[in-house]
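Just below is one structure, and these are the notes that go with it.
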Amino acid sequence: MRWLEPEWRDEAEAWIRERVQVTGPIEQPHVYPWSTAMRVPTAAVDLWFKATTRAVHGFEPALTALLAEAFPDRTAEVLAIDTERGWMLTRDAGTRLREVDGEDRLRRWEEILPRYAEIQISMAPRAEELLALGVPDERIAGLPGKVEALLDDDRALMLGESEELSAAQRDELRRRMPELRGLVAELEAFRVRETLQHDDLHDGQVFVENARYRVLDWGDSCVSHPFHTLTVTLRAMAWRHELAPGAEPLLRLRDVYLEPFGAPAAAADIAYRTGTLARALAWHRYLRATPPGERDPEDAESVPYGLRLFLENGPIGTWK
């Protein structure tokens, strides 16, 4: 990965030092194929430098800066960005939620989800502005066509290579395309405006500081149906807290999230299903743009995995 190349590291550190007075060694604790993050010590507070893959997540610095201006108490405080390189420098946001001590981490989501929903509602009138920044267009009207195209891509489906999806299941998905179009029409009938959708909202992306919650890492975002957020979020909660799919705590969090929208549970339940397909498409988008040598081999499994979950049609929170 280029994040580990000495020349790249020297260039990044020079960019950082041009903007802040660094008081100690710059560490690089997070290295992934799609991004890296480096801790930058300063006299006042630690800062974080993040670099993203331009082909897939290059919009993240500009989006983060936009959100910081609109919601300074709910997102990262941005000190500098470089949109050409996909770099940004932000203030430390506190403690990652999954690292907070106590038994009330699940309860905290009853505060986090409505605040996140308010961001989505506020950003809905700015959807075109988000698209102009490069945020992917995943509005649900296009979902059936994208799924049909994906089903023709045997390589992406890993047919014969993965246990996640069989050729028979692929054929079943094709037969169920009218059902998918019906679900999209039902979801559209609720007239919830499409908007910014984080698409990877879990306890590793929320930070706690002085009883304030900040949502970070917007690089998987898209413009889509807001309720698609629940697909990843409720899966992650079910896994993290060992909850059965459809368990009462998951239903409660679904309903708490919906309150600012004034939407019924039925809308979220439909979106949970369509969201499984949308998440598979998001992984497909990432894999298409990433050279094979820079991928984690297990990432490719996420595409057929999402398609299989749609077929199985489990309760919200189903992740296996």
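Please determine, by comparing only the residues of the stretch 4-34 that are in contact (Cβ under 8 Å) with a residue 12 or more places away in the chain and basic (Lys, Arg), which one is surrounded by the fewest Cβ atoms within 10 Å (Cβ to Cβ).
Arg19
Which residue pairs have Cβ atoms closer than 8 Å, lie 6 or more positions apart in sequence or on different chains, and pair a first residue in the stretch 277-302 that is without any contact (Cβ under 8 Å) to a residue 40 or more places away in the chain and within 16 Å of Gly219 (Cβ to Cβ) with a second residue that is of a type in the set (D, E, K, R) and open to solvent by less than 50 Å² (accessible area, probe 1.4 Å)?
Sorted first by the residue in the stretch 277-302, then by its partner, the pairs are Trp283/Asp299; Ser302/Arg279.
Counting only residues that are touching a residue at least 24 places away in the same chain (Cβ under 8 Å) and not in a loop (DSSP other than H, G, I, E, B), which one in the stretch 130-140 is farthest from Ser221 (Cα to Cα)?
That would be Ile140.
Out of (1) open to solvent by 50 Å² or more (accessible area, probe 1.4 Å); (2) in contact with a His (Cβ under 7 Å, 6 or more places away or on another chain); (3) of a type in the set (S, T, N, Q), the odd one out for Gln197 is which?
(1)
Checking the condition modelled with pLDDT under 95 and open to solvent by less than 20 Å² (accessible area, probe 1.4 Å), which residue from Leu287, Leu253 passes?
The conditions single out Leu287.
Here's the yes/no breakdown for (1) touching a Lys or Arg at 6+ places or on another chain (Cβ under 8 Å); (2) open to solvent by less than 10 Å² (accessible area, probe 1.4 Å):
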site: Leu234; (1), (2): yes, yes
site: Met237; (1), (2): no, yes
site: Glu248; (1), (2): no, no
site: Glu312; (1), (2): no, no
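Within the stretch 152-185, how many residues turn out to be part of a helix (DSSP H, G or I) and surrounded by fewer than 16 Cβ atoms within 10 Å (Cβ to Cβ)? Show your work before the answer.
Going through the stretch 152-185, the residues part of a helix (DSSP H, G or I) turn out to be 154-157, 167-175, 177-185.
Then keep just the ones that are surrounded by fewer than 16 Cβ atoms within 10 Å (Cβ to Cβ); that gives 154-155, 167-168, 171-172, 174-175, 177-179, 181-182, 185.
Of the residues in the stretch 152-185, 14 are part of a helix (DSSP H, G or I) and surrounded by fewer than 16 Cβ atoms within 10 Å (Cβ to Cβ).
Say whether the condition of being in contact with a Leu (Cβ under 7 Å, 6 or more places away or on another chain) and under 18 Å from Tyr305 (Cα atoms) is met by at least one residue in the stretch 238-260.
yes
Based on what the data block shows, is Leu143 in a helix (DSSP H, G or I) and of a type in the set (A, V, I, L, M)?
Against the criterion (in a helix (DSSP H, G or I) and of a type in the set (A, V, I, L, M)), Leu143 qualifies.
For the stretch 24-51, enumerate the residues that are small (Gly, Ala, Ser) and closer than 30 Å to Pro297 by Cα.
Matches in the stretch 24-51: Ser35, Ala37, Ala51.
Can you name every residue in the stretch 35-76 that is more than 22 Å from Leu97 (Cα to Cα), assigned to a loop (DSSP other than H, G, I, E, B) and open to solvent by 20 Å² or more (accessible area, probe 1.4 Å)?
Within the stretch 35-76, Thr42, Ala43, Ala44 meet the criteria.
Tell me which residues, restricted to the stretch 77-101, are open to solvent by less than 30 Å² (accessible area, probe 1.4 Å) and in a loop (DSSP other than H, G, I, E, B).
If the condition is that a residue be open to solvent by less than 30 Å² (accessible area, probe 1.4 Å) and in a loop (DSSP other than H, G, I, E, B), then Gly86, Ala93, Gly94, Val100 are the ones that fit.
What do you reckon, is Ala127 within 18 Å of Asp199 (Cα to Cα) and either polar (S, T, N, Q) or in contact (Cβ under 8 Å) with a residue 40 or more places away in the chain (or both)?
Judged against the criteria, Ala127 is a match.
Please find, among Val45, Val56, Val78, the residue that is hydrophobic (A, V, I, L, M, F, W, C) and without any contact (Cβ under 8 Å) to a residue 40 or more places away in the chain. Write out each step before concluding.
On the way: Val45 fails: without any contact (Cβ under 8 Å) to a residue 40 or more places away in the chain; Val56 fails: without any contact (Cβ under 8 Å) to a residue 40 or more places away in the chain.
Answer to the check: Val78.
Can you pull out the residues in the stretch 293-310 that are open to solvent by 20 Å² or more (accessible area, probe 1.4 Å), under 17 Å from His57 (Cα atoms) and assigned to a helix (DSSP H, G or I)?
Glu294 - this is the single residue of the stretch 293-310 that is open to solvent by 20 Å² or more (accessible area, probe 1.4 Å), under 17 Å from His57 (Cα atoms) and assigned to a helix (DSSP H, G or I).
The values are calculated or read from the model by the stated rules, or taken from the named source; none is laboratory data. Because the structure is a prediction, the values reported are computed rather than measured. Counting neighbours? That spans all protein chains shown, and the Cβs are built from the backbone with ideal geometry, glycine included. Just the protein is used for accessible areas: all its heavy atoms, side chains included, with ligands, DNA and RNA removed. Shrake-Rupley method; radii C 1.70, N 1.55, O 1.52, S 1.80 Å.
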